[in-house]
Amino acid sequence: MTATSERFTTSHTDPDRVFDEIDRVDAEIVAAIRYRTGLAHHAGRLRRAGHGTVSVHGRREMAVLTRFTAVLGRDGTALAATLLRLGRDPLADIATCGQD
């Protein structure tokens, strides 16, 4: 448990209020994922336009996987992989279809 979650759950005993807070945090997470996905799509378009290299892209993906794994363990790896997959531009997905 993080310090933030411990502070919230110990000071709030009404389950409905706790679930409302979970719903609020979930909405923030979804908004952050949508924002991150848009940034990743833009970065992919820039890379394909000649403003980056595949090797840098691969190192960045490995850094994301490593960072999430270090903080959240095996579940962090799965979460990072999902975020990376969401961030791949649909055109890139078509180009790699069947290569998973």
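Conditions tested, residue by residue: (1) within 13 Å of the chain's Cα centre (by Cα); (2) at pLDDT below 85.
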residue	(1), (2)
Val25	no, no
Val30	yes, no
Arg34	yes, no
Ala40	yes, no
Thr69	yes, no
Arg74	no, no
Ala80	yes, no
Ala95	no, yes
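Just the residues that are in contact with a Leu (Cβ under 7 Å, 6 or more places away or on another chain) and among the β-branched types (Val, Ile, Thr), please, taken from segment 34-76.
Of everything in segment 34-76, those that are in contact with a Leu (Cβ under 7 Å, 6 or more places away or on another chain) and among the β-branched types (Val, Ile, Thr) turn out to be Thr37, Val64.
I need every pair where a residue in segment 14-30 that is under 24 Å from Thr82 (Cβ atoms) has its Cβ under 8 Å from the Cβ of a residue that is surrounded by 10 or more Cβ atoms within 10 Å (Cβ to Cβ) and not charged (D, E, K, R), sequence separation at least 6 or different chains.
Between residues of segment 14-30 that are under 24 Å from Thr82 (Cβ atoms) and residues that are surrounded by 10 or more Cβ atoms within 10 Å (Cβ to Cβ) and not charged (D, E, K, R), the close pairs are Glu21/Phe8; Glu21/His12.
The values are calculated or read from the model by the stated rules, or taken from the named source; none is laboratory data. What you see is a predicted model, and the numbers here were worked out from it, not measured in a lab. Note that each Cβ is placed from the backbone with ideal geometry, even for glycine, and that neighbours are counted across all protein chains shown.
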